[in-house]
Amino acid sequence: MAPSIRAQLTMWTVMPIWLGVLALVFLFRSGKRAWLGLGAANVLVIGTWAALKFL
């Protein structure tokens, strides 16, 4: 059975997102700034996702 179009879209969207994140890591001046920036982005996304679940 073939996956649905939504599953295919989700699967093929993951790679460009990860490649974008990996490319943006090199814009940080230090490893500490990279960890802080990516950690803050992670908290923001998870917080937004959690807030949207309660709507």
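Do the conditions hold for G47, that is, is it surrounded by 10 or more Cβ atoms within 10 Å (Cβ to Cβ) and modelled with pLDDT of 90 or more? Spelling it out, G47 is indeed surrounded by 10 or more Cβ atoms within 10 Å (Cβ to Cβ) and modelled with pLDDT of 90 or more. A search for C-beta distances below 6 Å between a residue of the range 8-34 that is open to solvent by less than 100 Å² (accessible area, probe 1.4 Å) and of a type in the set (V, I, T) and any residue that is modelled with pLDDT under 90 and assigned to a helix (DSSP H, G or I), counting only pairs 6+ apart in sequence or on different chains, returns nothing. For the range 25-47, the criterion of being under 13 Å from the mean Cα position of the chain (by Cα) and hydroxyl-bearing (S, T, Y) is met by none of the residues.
The values are calculated or read from the model by the stated rules, or taken from the named source; none is laboratory data. Please read all numbers here as calculations on a predicted model, not as lab measurements. A quick note on method: Cβ atoms are made from the backbone with ideal geometry, for glycine too, and the neighbour counts reach across all protein chains shown. Just the protein is used for accessible areas: all its heavy atoms, side chains included, with ligands, DNA and RNA removed. Shrake-Rupley method; radii C 1.70, N 1.55, O 1.52, S 1.80 Å.
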